[in-house]
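Written below as structure tokens is the structure these notes are about.
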Amino acid sequence: MMTIRFVAPDASSSNMKIRVIFTVTFFLVIFLFSCRPAGDRASGGDHLFLTADPQSIGFNGTSTLTVTGTDANGVPLPDGTLVSFEVDLAGNVSPRNVRLLNGTATSTYHATSTSGNITITAFSGSVDATATITVADNVEENVFVSANPATFGSGGGTSLITAVVTDTSGKPIENLGVTFSTTAGTLQSGGATIDTNSGGVATDTLVTTEPATVTVTTDDGFSGETSVNVGAGRIVCHMTVSNSSPKVGEAITFLDTSEDPGGLIARYHWDFGDTASVDGKNVQHAYSAANTYSVVHSVVDSQGNTTTCDPFPIVVTQ
């Protein structure tokens with residue numbers, strides 16, 4: 001341990017000693033206040049900011065909460081600063097307690113079957129911030145439906161029917177009941193309700209020997225449909241992807257799996273739904289923003305005839 005001695009020029013001068021003691025005490029206090037420990041609560045001069053995305057959700061839906069903390073000068077609060085959440089009406093936030101990293105942290109609000117404007121409060125020490133989420137039973141839903149394969153030769157076949165349900169902001173809706181129905185053939189579900197997964201996706205299997213239109217309807221009455229063609233010719237447009245629910249910036253491989261027994265396909269084209277497009281049998285693409293994109297794949301024969309696959313939904317998340 002290092003000991004510092006302060007010796008006044010005149011040991012008999014009490015005024016000099018008092019000045020030395022005061023100076024040391026002053027700088028010690030300044031030092032202690034500047035060394036704020038990580039994991040502390042916010043203090044009176046700090047600020048919290050809270051946002052919810054999306055701000056409108058349906059019954060039993062979810063919304064991502066983002067809390068940001070800064071001091072009076074706009075500098076992010078120390079890593080580990082503890083922030084807690086409260087809900088005023090219905091639902092819950094999980095996790096309820098978070099710790100800031102680089103001045104920010106996230107949690108999730110889970111709604112119930114109670115409608116209304118829900119106020120979420122984030123607080124740390126004496127500092128708080130609020131955000132409002134509207135929960136309603138009539139939040140508009142988008143239903144994207146695709147069939148793979150979507151075209152068969154004579155005799156028909158088995159097709160995987162995929163439905164993706166999102167809200168108007170493109171956020172997948174989880175645990176939503178949907179039903180599949182068809183104008184021809186049979187569905188594996190038999191018309192029973194299927195719940196969407198965390199990516200807003202529900203699937204069913206169609207077996208048909210004739211053209212069919214498959215309709216998918218949500219519990220809230222929103223719907224979408226796709227067609228399956230039978231006996232449409234030699235070229236049958238098929239496609240698949242390496243990941244239908246990627247993160248922003250993640251490269252996805254798009255694969256052509258078309259049936260072309262006569263070797264007639266001369267060109268493969270991809271429209272990724274975000275204004276980008278490219279030619280090639282198997283290609284890669286990464287999306288720069290979170291959303292649900294409708295990918296359209298088409299093949300062109302040597303005579304210039306185009307065969308197009310059903311649009312394929314890609315749900316991109318942060």
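The values are calculated or read from the model by the stated rules, or taken from the named source; none is laboratory data. These numbers were taken from a predicted model, which means no experiment stands behind them. So basically every Cβ, Gly included, is an ideal-geometry build from the backbone, and we count neighbours across all protein chains shown.
Beta carbons closer than 7 Å, at least 6 apart along the sequence or on distinct chains, pair a first residue in the range 118-133 that is in contact (Cβ under 8 Å) with a residue 24 or more places away in the chain and surrounded by 16 or more Cβ atoms within 10 Å (Cβ to Cβ) with a second that is of a type in the set (A, V, I, L, M, F, W, C) and assigned to a loop (DSSP other than H, G, I, E, B) for ILE118/LEU89; ILE118/ALA90; SER124/ALA42; VAL127/ALA42. Of the residues making up the range 239-249, not a single one is farther than 28 Å from ASN175 by Cβ and more than 26 Å from the chain's Cα centre (by Cα). Checked across the range 146-159, the condition of being at negative phi, assigned to a loop (DSSP other than H, G, I, E, B), β-branched (Val, Ile, Thr) and crowded, with 21+ Cβ neighbours inside 10 Å holds for no residue.
In this structure, does ASP219 turn out to be within 30 Å of THR179 (Cα to Cα) and touching a Phe, Trp or Tyr at 6+ places or on another chain (Cβ under 7 Å)? Judged against the criteria, ASP219 is not a match.
Looking only at the range 276-304, residues that are without any contact (Cβ under 8 Å) to a residue 60 or more places away in the chain and part of a loop (DSSP other than H, G, I, E, B) come to 10 in all.
Report yes if GLY221 is under 21 Å from the mean Cα position of the chain (by Cα) and on the phi > 0 side of the Ramachandran plot, otherwise no. No: the conditions fail for GLY221. Before we move on, is SER181 assigned to a strand (DSSP E or B) and over 30 Å from LYS281 (Cβ atoms)? So SER181 passes the test.
Any residue that is modelled with pLDDT of 50 or more, among the polar types (S, T, N, Q) and either under 16 Å from THR108 (Cβ atoms) or surrounded by 12 or more Cβ atoms within 10 Å (Cβ to Cβ) (or both) - is there at least one of those in the range 8-15? No, because not a single residue in the range 8-15 is modelled with pLDDT of 50 or more, among the polar types (S, T, N, Q) and either under 16 Å from THR108 (Cβ atoms) or surrounded by 12 or more Cβ atoms within 10 Å (Cβ to Cβ) (or both). For the range 160-178, the set of residues classified as of a type outside the set (D, E, K, R) and surrounded by fewer than 20 Cβ atoms within 10 Å (Cβ to Cβ) consists of LEU160, THR168, SER169, GLY170, ASN175, GLY177, listed by residue number.
The residue that is farthest from ARG41 (Cα to Cα), among those in the range 63-83 that are of a type in the set (Ser, Thr, Tyr), within 23 Å of the chain's Cα centre (by Cα) and crowded, with 17+ Cβ neighbours inside 10 Å, is SER63.
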